[in-house]
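Undergrad: Quick one: the structure is below, and I'll ask about it shortly.
The values are calculated or read from the model by the stated rules, or taken from the named source; none is laboratory data. Fair warning: this is a prediction, and the values are worked out from it, not measured in the lab. Cβ sites come from the backbone with ideal geometry, for glycine too, and all protein chains shown count toward neighbours. Surface areas here come from the heavy atoms of the whole protein model, side chains and all, with no ligands, DNA or RNA. Shrake-Rupley method; radii C 1.70, N 1.55, O 1.52, S 1.80 Å.
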Amino acid sequence: MRKRFELSPVLGSLAISEVIIPIKSRDELPPVLLALQTIFVSEQYHQKMFSIVEPVILRDKKQTGREGMSIWEVIVLSVIRLTLNTN
């Protein structure tokens, strides 16, 4: 069963809202990371994104079983994969 994200952070980890993303970079990844950070921190964007993505990921899945990646991790990894055009 997938959770939206882990509610209790791991000891010693940095909160997503506290991560400093370098803005002065010609790479295409920092703007995407900044957008993901904004989505995670903003309650309005956060709820809207999960209301769209969560039903698609959980479709035809049982609510039992072992835990996998959280839905937030799936979203971040898929967005970064598409941004960097990797497979």
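Undergrad: Which of (1) within 12 Å of the chain's Cα centre (by Cα); (2) at pLDDT 75 or above does ARG26 not meet, given it meets every other one?
TA: (1)
Undergrad: For segment 15-65, name all the residues that are open to solvent by 70 Å² or more (accessible area, probe 1.4 Å), closer than 21 Å to THR83 by Cα and in contact (Cβ under 8 Å) with a residue 40 or more places away in the chain.
TA: Residue satisfying the conditions is GLU28 alone.
Undergrad: Look at segment 51-86 and say how many of its residues are under 18 Å from the mean Cα position of the chain (by Cα) and either hydrophobic (A, V, I, L, M, F, W, C) or at pLDDT below 85 (or both).
TA: Result for segment 51-86: 22.
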